[in-house]
1. Any residue in segment 207-230 that is under 12 Å from HIS65 (Cα atoms) and in contact (Cβ under 8 Å) with a residue 12 or more places away in the chain sitting within a Cβ distance under 8 Å of a residue that is basic (Lys, Arg) and surrounded by fewer than 20 Cβ atoms within 10 Å (Cβ to Cβ)? List the pairs, counting only those 6 or more apart or interchain.
2. Any residue at all in segment 100-123 that is within 28 Å of ARG55 (Cα to Cα), surrounded by 15 or more Cβ atoms within 10 Å (Cβ to Cβ) and among the polar types (S, T, N, Q)?
3. What is the number of the single condition among (1) within 21 Å of LYS189 (Cα to Cα); (2) in a loop (DSSP other than H, G, I, E, B) that MET104 does not meet?
4. Among the residues of segment 132-177, write down those that are of a type outside the set (A, V, I, L, M), closer than 18 Å to ASN113 by Cα and not in a helix (DSSP H, G or I).
5. Could you count how many residues in segment 36-50 are modelled with pLDDT of 90 or more and surrounded by fewer than 18 Cβ atoms within 10 Å (Cβ to Cβ)?
6. Condition check: modelled with pLDDT of 95 or more and among the small types (Gly, Ala, Ser). Does GLY244 satisfy that?
7. Name the strands (runs of 3 or more DSSP E) wholly within segment 53-97 that hold at least 1 residues that are closer than 20 Å to PHE213 by Cα and touching a Lys or Arg at 6+ places or on another chain (Cβ under 9 Å)?
8. Filter segment 51-87 down to the residues that are among the polar types (S, T, N, Q) and surrounded by fewer than 19 Cβ atoms within 10 Å (Cβ to Cβ) and list them by number.
Amino acid sequence: MVSIDVWNASVDFPIFDAKSRSLKKLALGKVGGKIGSEGRVPIIEALHDITISLRHGDRVGLVGHNGAGKSTLLRLLAGIYEPTRGSSRIVGKVAPVFDLGVGMDPEISGYDNIMIRGLFLGMSRKEMEKRVDDIAEFTELGDYLSMPLRTYSTGMRVRLALGVVTSINPEILLLDEGIGAVDAAFMAKARDRLNDLVKRSGILVFANHSDDFLVEFCNTAIWMDEGHVKMHGSLREVVTAYKGRDPFEHLSPETLERIGQPRVLSGNGGE
């Protein structure tokens, strides 16, 4: 059974060449947390005292401002970062999707990038060969798939990456932003594949600022703030506390019923 357990974990980054406040500020903006010190060496305290336990079926949204530690936590869960203090244990095959462009080569064709991206995400060559035609059809890129990736627009690259990402079979799926840079019509089509991807995964941890994506894919949430877990609970409770508004209030009754959420009542008791 897939599982994620993190016990009192902290992640620190020593900045050995930090000779100015501006450099430390730049580093802080990339990893979040606070600046401390270890002797004369500045330390970025990216995560501090994180304890979480996730099991099969958990669909967790990570919320918090930029630099709060969301991406660092995802990289800890993926095994990219080891805890400086504390410990973590991940059981299951992890598919980290932090940047849709990672693992893609601008100088080779879309078809070749489909293979490379799939291998990067842990699929075998035979598995990807079986999926190429389906991915190509989904992207709607046609003859562009035979052209170098550098000729693609941002939206076209996201289409290609989404096609590959949504074809995998992860046990633990870690998603980090970056899936909204396509036109609305294609995004509506992609949502079905994303939903299928989430259903196939044992655990989902998804960092995103969009209420729409969070309510579509997540049932609980973790609010990260300055490298700490500030709140962990139901999606509605956490997002309302973080943003000051109910993430479900703008949804139609039909959408609320489809995602299994109660209807939102107005302040006077009516609907």
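1. Here the result reads TRP223/LYS230; MET224/LYS230; GLU226/LYS34; GLY227/LYS34, each pair linking segment 207-230 to a residue that is basic (Lys, Arg) and surrounded by fewer than 20 Cβ atoms within 10 Å (Cβ to Cβ).
2. no
3. Status for MET104: all satisfied but (1).
4. As a first pass, look at segment 132-177 and keep what is of a type outside the set (A, V, I, L, M): 133-134, 137-140, 142-144, 146, 148, 150-155, 157, 159, 163, 166-167, 169-171, 176-177.
Among the residues that remain, those that are also closer than 18 Å to ASN113 by Cα are: 133-134, 137-140, 142-144, 146, 148, 150-155, 157, 159, 163, 166-167.
The answer is GLU140, PRO148, TYR152, SER153, THR166, SER167.
5. The total comes to 1.
6. On the way: modelled with pLDDT of 95 or more: no; among the small types (Gly, Ala, Ser): yes.
Spelling it out, it is not the case that GLY244 is modelled with pLDDT of 95 or more and among the small types (Gly, Ala, Ser).
7. Details: elements: 59-63, 85-91, 94-97.
Result: 59-63, 94-97.
8. Initial filter on segment 51-87 (among the polar types (S, T, N, Q)): 51, 53, 66, 71-72, 84, 87.
Listed by number, the residues that qualify are THR51, SER53, ASN66, THR84, SER87.
The values are calculated or read from the model by the stated rules, or taken from the named source; none is laboratory data. In this text, all values refer to a predicted model and were calculated from it rather than measured experimentally. Cβ atoms come from the backbone with ideal geometry, glycine included; neighbour counts cover every protein chain shown.
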